[in-house]
Amino acid sequence: VFHGRIAARRVVGQETRYEVEVKAPYRQRFPLVAREYLWVPNTCGCPALRLGGDYLLMARRHVNHEHTLNRILLQDGGYARPWTPREARLVREAARHC
């Protein structure tokens, strides 16, 4: 779970790749760097993330069976909400209890 700003969007094959500026990690099982690529397994851009928008994103690390692919994946129907201070507060509170 992290707060990110959408810097770019590109369709690659049958997927959409977003370049995301990581503003603040809230809960993570894998390290994040300042700029990450976030992959969505469709070309419609669903969920719709607008360029320059700030979002609270819950994604997972996807590593294929051969360990040749290692990326951050936002699954269909994944959690992507516009970031607000209230959302950030709720996530921090939840992280303390989990």
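Of note:
- Positions within region 8-32 being part of a loop (DSSP other than H, G, I, E, B) and open to solvent by less than 80 Å² (accessible area, probe 1.4 Å), in sequence order: GLY13, TYR26, PHE30, LEU32
- Entry remark, region 34-48: residues being at pLDDT 85 or above and within 12 Å of the chain's Cα centre (by Cα) number 6 in total.
- Any hit, region 52-63, residues being in a strand (DSSP E or B), closer than 18 Å to ALA88 by Cβ and hydroxyl-bearing (Ser, Thr, Tyr): yes
- Selected residue (only one of ARG5, ARG89, ARG35 is free of Cβ contacts under 8 Å to residues at least 24 places away in the same chain, open to solvent by 50 Å² or more (accessible area, probe 1.4 Å) and either in contact with a Lys or Arg (Cβ under 9 Å, 6 or more places away or on another chain) or among the basic types (Lys, Arg) (or both)): ARG89
- Subset of region 47-86 [surrounded by 10 or more Cβ atoms within 10 Å (Cβ to Cβ) and over 21 Å from ALA7 (Cα atoms)]: HIS62, VAL63, LEU69
- Among residues of region 37-51, those that are closer than 21 Å to GLU87 by Cα and outside any loop (DSSP other than H, G, I, E, B), counted: 1
The values are calculated or read from the model by the stated rules, or taken from the named source; none is laboratory data. What you see is a predicted model; the values in this text were computed from it and never measured. When we count neighbours, we look across all protein chains shown, and the Cβ atoms used for this are built from the backbone with ideal geometry, even at glycine. With ligands, DNA and RNA removed, areas are computed over all heavy atoms of the protein, side chains included. Shrake-Rupley method; radii C 1.70, N 1.55, O 1.52, S 1.80 Å.
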